[in-house]
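Encoded as structure tokens, the structure appears first; notes follow it.
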Amino acid sequence: MKIRKLGNALAVAAAAIVLVAGSAGSSEAKTKKKAEAAPTPIFCFGQYKPVCAVKGGMKFTYANACYAVKDGAKVSKPGECKPTKKAKKAKKPAGKKKK
């Protein structure tokens, strides 16, 4: 009988240790607060008012500011983004050479 009581006591103690160790980790409250602080719009409606926005160090033109924010980009200025020099060179046809 004493061995059975000792076994039960060890099982309860082990369960308590596992419960305490599992709850001692970092909580998800910080990440939940960050997610709730900046909700993203679900649907974007509105007129076509292009904006130039930056995402990942690159510039992109979006139909309006709502689409830019929804994509995670930061709006830098109203209007379309100007093409870079590299993009202008890439648009030139490569078939003809100047004499």
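Residue-level analysis places T61 outside the set of residues that are among the polar types (S, T, N, Q), modelled with pLDDT under 90 and surrounded by 10 or more Cβ atoms within 10 Å (Cβ to Cβ).
Residue by residue, here is whether (1) assigned to a helix (DSSP H, G or I); (2) at pLDDT 75 or above holds:
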position: I3; (1), (2): yes, yes
position: S27; (1), (2): no, no
position: G46; (1), (2): no, yes
position: C66; (1), (2): yes, yes
position: V75; (1), (2): no, yes
position: P83; (1), (2): no, yes
position: K89; (1), (2): yes, no
position: K99; (1), (2): no, no
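The values are calculated or read from the model by the stated rules, or taken from the named source; none is laboratory data. Quick caveat: nothing in here was measured; it's all calculated off a predicted structure. With ideal geometry, Cβ positions are generated from the backbone for all residues, glycine too; neighbour counts draw on all protein chains shown.
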